[in-house]
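Following: one structure in C-alpha cells, then a few remarks.
The values are calculated or read from the model by the stated rules, or taken from the named source; none is laboratory data. The structure displayed is predicted, hence computed values, not measured ones. Because the Cβ atoms are built from the backbone with ideal geometry, glycine has one as well, and the counts that use them run over all protein chains shown. Calculation scope for accessible area: heavy atoms of the full protein, side chains included, ligands and nucleic acids excluded. Shrake-Rupley method; radii C 1.70, N 1.55, O 1.52, S 1.80 Å.
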Amino acid sequence: MEAIHSTWTKPRIYSAGGFFIEDFDILTTILSALKWREKNGTIKMITDSTGLEFYESRGMCGLWDSIETTLDEIPDSVNPEIFWAAGKLYALKSQNAPAAVLDTDFIVWDRIAFDSLGDLTVIHKEEINNDVYPDIHHFKMKYGYIFHPDLDWREKPSNCAFYVIKNNALKEDYINEALQFIDNTASGDTLTYMVFAEQRLLSMTAKRMGIEIKEFSNLERLFNDGEKYFTHTWGMKQQMRDMPELRYDFCKRCAERIKKDFPFFIENMERIEELRDYL
C-alpha cells in the first residue's frame, strides 16, 4: 500500500524564522521511509517548494518513490501557528484512498496485513481530556458556522501519527469537515484547535458514517518495551533537546541501524551536515 509522508514548512518558518529539521527528525525520516519501502510498499513525500529544496540539498529525495509540492497550494488564510499540522490534511486531500498516513517521526518496523484491516485503522485511540479535547463551547468560530449536528462529542479521538484509511468517501467527508473547521476558525490556541481538526474529527466523522475504527496498538504497549512493531519519537523530542547525551545516543543508534539495514544510503547520509557527528 502507498504511504504518505508530508512536510509543510510554514509552521517552522513562522515559529523559528527559518526552516530546519533537527538531526533526530532527519534520522527518523530516513528510517520511516526506508522501512516502509522494505516492508510495506511505496511511499511519497508531499511537501512545498521549501521542503523540496531542503531534501534536495541533503540528497534525501531518493528516500521516497515520488515527491510532490502540492502544499504550495495551501491558502495563505490557514494560520500556521494554530494549524501547524494542516499540511497533513492537505496532503491527504490530494490523494485517493486507500492510503497509509505516516508521520516522519513514526517508524513501522514490520509488515502489515492490509487485507485484514477495516475502512479505518489508527495507531490508537485517545482519552477525552478536557485540556486537550474540550467541548463544543470552547471553540470560537466565525459567524454562521455550524458544527455538523450528527457529530458525537463522546467519541474518542484517533491518534493520527499513523493510520490506514481505505474508504474514499470517509476520506472526502473527513477532509471536508476538517478544512471547513479550519476556514471558519475565528481565533484559537496552538493545541486544541489543531487536534480537533485532525484527530477528533477523524473519529467523529467515521462514527457519523457508521464506520468502525480499529486500532493497531494502544498507549500502554507503545510506551513500554513490549511494542516491537512501531516507534514514535514525539514524546521524546523535548527530552533530547534538553539532554545532549540522550540525543547523541539516540541519533547514533539510528545512524547505525540505517547503515546496517540500508548500506546503500550511507553515501547519502555523508552529505547531510546535521548527521556527521553520528557517522
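Key figures
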item	result
Span from the region 128-191 Cα centroid across to the region 240-279 one, whole angstrom	37 Å
Accessible-area value, Lys140, 1.4 Å probe, nucleic acids and ligands omitted, Å²	120 Å²
Within the chain, helix-based [θ] at 222 nm, where runs of 4 or more DSSP H residues each add -39,500 (n - 2.57), nearest 500	-10500 deg cm²/dmol
Protection proxy ranking of 17-30, 67-80 - average other beta-carbon atoms within 10 Å, highest first	17-30, 67-80
Proximal lysines relative to Lys166, as straight alpha-carbon distance under 22 Å, when same-chain residues fewer than 8 apart are discounted	Lys35, Lys39, Lys44, Lys88, Lys93, Lys125, Lys156, Lys207, Lys214
Check: the chain dipole with +1 on Lys, Arg Cβ and -1 on Asp, Glu Cβ, in debye	380 debye
Selection of trypsin sites (Lys or Arg not before Pro), region 78-136, meeting DSSP coil and at most 12 other Cβ within 10 Å	Arg111
Residue (of Thr121, Ile165, Leu92) at the positive-pole extreme of region 83-179, dipole from beta-carbon charges	Leu92
Student exercise, region 103-217 dipole from Lys, Arg, Asp, Glu Cβ charges, in Debye to nearest 20	180 debye
Within-14-Å neighbourhood charge of Asp277 [Cβ basis; K, R +1; D, E -1]	-4
